[in-house]
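Each value in this text was obtained by applying a stated rule to the coordinates, not by laboratory testing. Bear in mind the structure is a predicted one, so any value in this text is a computation, not a measurement. Neighbour counts are summed over all protein chains in view; Cβ atoms, including those assigned to glycine, are modelled from backbone coordinates with ideal geometry.
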Amino acid sequence: MKSKDNLEDKFTWKREYTMVLVLNTLYILIFLYIMKSNI
Amino acid sequence: MALLDWIVLGGTLFFIVGFGVWKTKGSNSVDDYVRGGSDAKWWTIGLSVMATQASAITFLSTPGQAFHDGMGFVQFYFGLPLAMIVICAVFIPIYHRLKVFTAYELLEKRFDLKTRTLTAILFLIQRGLAAGITIFAPSIILSAVLGWDLRTLNIIIGTLVIAYTVSGGTKAVSVTQKQQMFIIMVGMFFAFFFILGSLPADISFGEALKIAGANEKLDILNFDFDTKNRYTFWSGITGGFFLALAYFGTDQSQVQRYLSGKSVRESQLGLIFNGILKIPMQFFILLVGVMVFVFYQYNSSPLNFNPAATEAVLTSEYADNYKILEEEHLELEQQKRMAQNDYSAALKLKDYNAIEQAKLNVVQVNKEERINRDAAKTLISEASPNAETNDKDYVFIHFILNNLPRGLIGLLLAVILSAAMSSTASELNALGTITALDLYKRNKSKEFSQKHYVTATKWFTLIWGIIAIIIACVANLFDNLIQLVNIIGSIFYGNVLGIFLLAFFLKFVKGNAVFIAALVTQAIVILGWSQDWMSYLWLNAFGCGLVIILAILLEGLDRTLRNPPIKA
């Protein structure tokens, strides 16, 4: 049963995850800007 | 091809293969061979993960996709960063703590042997086919445009990959992928700046974007809720999320890359690296395709980019009709150049009425050109029903061979072959590992030495390499190559992902329920795909949801039958 207990894990949020979300949101906003400004 | 191109191409490839073999020979333990000694740094993992996903198809098809349909394809990757976060937070810590060699080993610890074996077999089927296509895709295109023999090319690519993958295992794959990614990025940047330099002197990058935008090539985002439309913001963020979660979280060809990490932290940072750079990289490759489109606004292009299709129609009874279309194409190209010059002049004068009028003219001529190209495709189909009329995969290679200077052609061909080798290497490495550890080692009645299993993994890698070459030699091209690989993935991934999510999050569900649910789900997903119930991207979410629901229902039913409610 020890191996099954090892599947238990606390979800830890790290600042790198926030960075991924912020940067990718920024990319989408840049795409929106490129799209709108070149029609 | 000039001698300089051959030197650049041959030198690059043989240096990478030779270095890979020399640097990584002599693995004696399974940990060394399968997990690269578990000492990889985050940047090695990040580059290796990116190189595994970016196959030759990425660099041949994607610019052609942008050339014809614009940049909407980038939306396909919008779910990927979210998937990276989930894998970093949930999957990686568990994989590392259990010290598994393969992703499916975890399923035996959580469920049972038959679930592990089933997922391993599903992986072998879909990844084995994909490995063949990964070799076949660049071979068919390069053989068509360069006149090289298809089978010889398949065998050369396959043999080069087998040489270092069998010899050095995971470490050889990682070492060569770093160099391959370097060559790929350098080559693509050179191509991009060469295109910009080849545009008329008065066309800046900003004006090139305006021209692309006027022709609907910069329609990057589509917020429509249409499940039949392959590439929308919503399908990318949801379907793309499930596909990325399944691919990076449960596909051994990717899991093996980050299992080689020195620590949980190094593995997580490797995937964060991918989560940050993947969308810009795909955007850049699509932008190269859009710039090729702008380039061909001022330069001649063939009516159909696939030379084999053109030859087929020109040697048929439809040759005269095709030549008429070619003459119309030439006339349209002249009109297009004049319209583009008017548009550029109007942009410079900032005369908004003239800009609007010129833009309408440009769009109109491009629409007529597209109609003409479609008519040519219809004619090709009639002349040769088996010919590939979809020429997306030939646009970029045609541009490379006919417009780039000597040396750069060799470098771009090295980019394409490096990409083919990098993804094939990860696939063969994973296929050999799964066969050796999940099937062979797990089902042997007695234990053998580490050396025995290393040798067995090498043999299985070699066998899968030969199978991949055989698949490449018998494969037939249909629709868009990049989509073919994604379709195969979508049919199997959702189901496998659902099994992993059950393992991680729903502890009350046991092995028997999961196993039966997985078999039923796979049959329904294949039926759904063959009956075209939905766009293939949604099959991931569908398969994933279905296996989870079925497993919960079966588990509930099983418990009810075992412990029927006591009547009062």
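What to note about this one:
- Straight-line cross-link partners of B:Lys458 among the aspartates and glutamates, defined as a Cα under 13 Å from its Cα and at least 8 positions apart when in the same chain: B:Asp32.
- Among B:296-304, B:159-167, B:140-148, the order from most to least packed when residues are scored by Cβ within 10 Å on average: B:159-167, B:296-304, B:140-148
- Partner chain coverage, peptide A:20-32 - average Cβ within 10 angstrom: 5
- Other protein chain Cβ atoms within 10 Å, averaged over every residue that makes up B:84-91: 4
- Taking a ≥ b ≥ c as the square roots of the eigenvalues of the Cα gyration tensor, the stretch B:210-276 is classed as prolate, since a/c reaches at least 1.5 and a/b is larger than b/c.
- When restricted to Cα atoms, the stretch B:1-56 yields an Rg and a Dmax of 15.1, 45 Å, respectively.
- Residues listed by number, the stretch B:4-31, amide nitrogen under 20 Å from B:Thr159 label point at 7 Å toward C-beta: B:6-22
- Per-residue packing, averaged as other Cβ atoms within 10 Å, sorts the ranges B:423-435, B:460-472 into the order B:423-435, B:460-472, beginning with the highest.
- Stretch gain in nm, segment B:Glu317-B:Ser449, where the contour uses 0.36 nm per residue and the Cα spacing is subtracted: 40.9 nm
- Helical content alone sets the calculated 222 nm signal of chain B at -26000 deg cm²/dmol, taking -39,500 (n - 2.57) per DSSP H segment of four or more residues and averaging over every residue.
- Estimated dipole of chain B in Debye, rounded to 20 [Cβ of Lys and Arg +1, of Asp and Glu -1, Cα centre]: 3180 debye
- Rounded FRET efficiency, nearest 0.05, which uses the C-beta distance separating B:Lys41 from B:Gln357 and R0 of 51 Å: 0.35
- The calculated FRET efficiency for the pair B:Ile7 and B:Gln364, based on their C-beta separation and a Förster distance of 41 Å, comes to about 0.35.
- Global form of the protein assembly as shown, assessed from the alpha-carbon gyration tensor, a/c cut-off 1.5: prolate
- For the peptide B:104-114, the mean number of other protein chain Cβ atoms found within 10 angstrom of a residue's Cβ is 1.
- Taken as Cα centroids, the stretch B:125-140 and the stretch B:371-423 sit 18 Å apart, rounded to the nearest whole angstrom.
- Partner lysines for B:Lys217 [C-alpha distance under 19 Å; skip if fewer than 8 residues away on the same chain]: A:Lys36, B:Lys336, B:Lys359, B:Lys367, B:Lys392
- Rounded to the nearest 20 debye, the dipole magnitude of the protein assembly as shown is 3240 debye, with +1 charges on Lys and Arg beta carbons, -1 on Asp and Glu beta carbons, and the Cα centre as origin.
- Net dipole in debye of the stretch B:210-311 [+1 Lys, Arg Cβ; -1 Asp, Glu Cβ; about Cα centre; nearest 20]: 340 debye
- Pairwise FRET efficiency - B:Leu553 versus B:Asn512, Cβ, R0 = 22 Å, nearest 0.05: 0.95
- Anisotropy class of the stretch B:270-392 from Cα gyration tensor, a/c 1.5 cut: oblate
- Listed peptides B:488-496, B:503-511, B:407-415 appear in the order B:488-496, B:407-415, B:503-511 once ranked by packing, highest mean of other Cβ atoms within 10 Å at the front.
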